[in-house]
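Beneath this line is the structure, given in structure tokens, with notes to follow.
The values are calculated or read from the model by the stated rules, or taken from the named source; none is laboratory data. Note that this is a predicted model, so its numbers are computed, not measured. Backbone-built Cβ (ideal geometry, glycine too); neighbour counts: all protein chains shown. The area values use the complete protein model at the heavy-atom level, side chains included, leaving out ligands, DNA and RNA. Shrake-Rupley method; radii C 1.70, N 1.55, O 1.52, S 1.80 Å.
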Amino acid sequence: MMEKIRKGLRNDEGFTLVELMVVVLIIAILMAIAIPTFLGARQKAQDRAAQSNIRNALTAEKVYYVDNEAYTDVVDDLNAIEPALTWAQGFTAPAAGTVNVGLEGTANVCLTATSASGSVFLIADVSTGTYAGTYYGTAAVADCKDATVKDLSKTGW
């Protein structure tokens, strides 16, 4: 009797092809759901990193403005305030990880940053005049200049 129970509990046959196919199908479905979710989260993280860099850049510009009553686009001046950022001058789309700074006079500054996903973010700070304030946007870099800053959103990204 005990011999029959031992033989019944021991099964050396392995898995059937159908069982293996079901497991492979389940894994494929889970991967089809997980990979796009991961890629979307990765893009959001890259965008947030660029936005964080550009906010830190604006803080550095405001520190300079408080000390000198004018904004600057001199990379050495900005490196002295915020050496953790990679700075560049002008109104061109910066390389990923770089913050470009452009000036319209001494009272308006435009900062742009490109995320690793390719999105261009910008902040324009206008210290005087009709459109005084800080403007956030994801428009083209040319939109950061003073003539079109009024079209940017003040609500953020």
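Can residue 122 be described as touching a Ser or Thr at 6+ places or on another chain (Cβ under 9 Å) and open to solvent by less than 60 Å² (accessible area, probe 1.4 Å)? In short, yes. Restrict the check to the stretch 9-17 and report whether at least one residue is in a loop (DSSP other than H, G, I, E, B), open to solvent by less than 100 Å² (accessible area, probe 1.4 Å), more than 30 Å from residue 115 (Cβ to Cβ) and at pLDDT below 85. Yes, the stretch 9-17 contains at least one residue that is in a loop (DSSP other than H, G, I, E, B), open to solvent by less than 100 Å² (accessible area, probe 1.4 Å), more than 30 Å from residue 115 (Cβ to Cβ) and at pLDDT below 85.
Among the residues of the stretch 60-77, at least one is open to solvent by 80 Å² or more (accessible area, probe 1.4 Å) and in a loop (DSSP other than H, G, I, E, B). When you check residue 49 against the structure, is it of a type in the set (A, V, I, L, M), more than 21 Å from residue 127 (Cβ to Cβ), at pLDDT 90 or above and out of contact with any Asp or Glu (no Cβ under 6 Å at 6 or more places or on another chain), yes or no? Yes: the conditions hold for residue 49. Considered as a group, the residues in the stretch 91-114 that are open to solvent by less than 10 Å² (accessible area, probe 1.4 Å) and under 13 Å from the mean Cα position of the chain (by Cα) include one that is nearest to residue 46 (Cα to Cα), and that residue is 113.
Screening the candidates 128, 106, 112, 92 for the property of being part of a strand (DSSP E or B) and free of Cβ contacts under 8 Å to residues at least 60 places away in the same chain yields one hit, 112. When residue 117 is tested against the conditions (1) surrounded by fewer than 19 Cβ atoms within 10 Å (Cβ to Cβ); (2) modelled with pLDDT of 85 or more; (3) part of a helix (DSSP H, G or I), the lone failure is (3).
Answer yes if at least one residue in the stretch 139-146 is at pLDDT 80 or above and over 21 Å from residue 46 (Cβ atoms), and no otherwise. No, the stretch 139-146 has no match at all.
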